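The values are calculated or read from the model by the stated rules, or taken from the named source; none is laboratory data. Everything numeric in this text was worked out from a predicted model, so none of it was measured. So basically every Cβ, Gly included, is an ideal-geometry build from the backbone, and we count neighbours across all protein chains shown. When the accessible area is computed, the model is the full protein with side chains, heavy atoms only, and any ligands, DNA or RNA have been set aside. Shrake-Rupley method; radii C 1.70, N 1.55, O 1.52, S 1.80 Å.
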Amino acid sequence: MNERLALGEGYSLVDAHMALLRAFQAQKALLRPYGSKLGLASGQPRIISYLAAHEHATQREMAEFFGMDPASVSRMLDALERDGFVTCEENPSDRRTKRMVLTEAGRAVVRPWDERCAHIDEVMLAGFSDKEREQFASLLERARQNLTACRESEASRRA
């Protein structure tokens, strides 16, 4: 974001959004091939990780956590089930919903995926002090909260 462009002159190429997008794309370029090596398609590792941390989760819970359309989560879960990484079971507290559970194959990819993510975190944060790492995480969370509040505000004005 060294270069400054005015609105109407390509500002979106040098704004905070683009800086975050470029960092995300660089991270994704290092993680996606590893997910493929584990037999996982784009987006699926986060579902596997969520299920490892929140056993017996519902599609709705995952959609809310990731801020995703439930139909997108459903398609990922269908593919993960077809590939043998997750299985679906009855929800004893609500018969209208199903709970997803990792299979042995799903549990087998959690540790290697987590290890790769930890390595990429270290690469990404190289040269950051512990305090800077905490600040960076805090700033990203604040930005997410600001954007979520804006989205909710705009949605309520449309309603």
Requested in this report: Filter region 87-126 for residues that are open to solvent by 80 Å² or more (accessible area, probe 1.4 Å) and assigned to a loop (DSSP other than H, G, I, E, B) and give the result.
Outcome: Pro92, Ser93, Arg95, Arg96
Query raised in the report: Which residue pairs have Cβ atoms closer than 9 Å, lie 6 or more positions apart in sequence or on different chains, and pair a first residue in region 1-21 that is at pLDDT 80 or above with a second residue that is open to solvent by 100 Å² or more (accessible area, probe 1.4 Å) and hydrophobic (A, V, I, L, M, F, W, C)?
Result: Asp15/Met1; Ala16/Met1; Met18/Met1; Ala19/Met1
Query raised in the report: Can you tell which of Ala71, Ala63, Ala29 is over 15 Å from the mean Cα position of the chain (by Cα), hydrophobic (A, V, I, L, M, F, W, C) and closer than 30 Å to Cys150 by Cα?
Result: Ala71
Requested in this report: Residue by residue through region 60-103, note down the ones that are aliphatic (A, V, I, L, M) and closer than 12 Å to Ile47 by Cα.
Outcome: Met62, Ala63, Met68, Val73, Met76, Leu77, Ala79, Leu80, Val86, Met100, Val101, Leu102
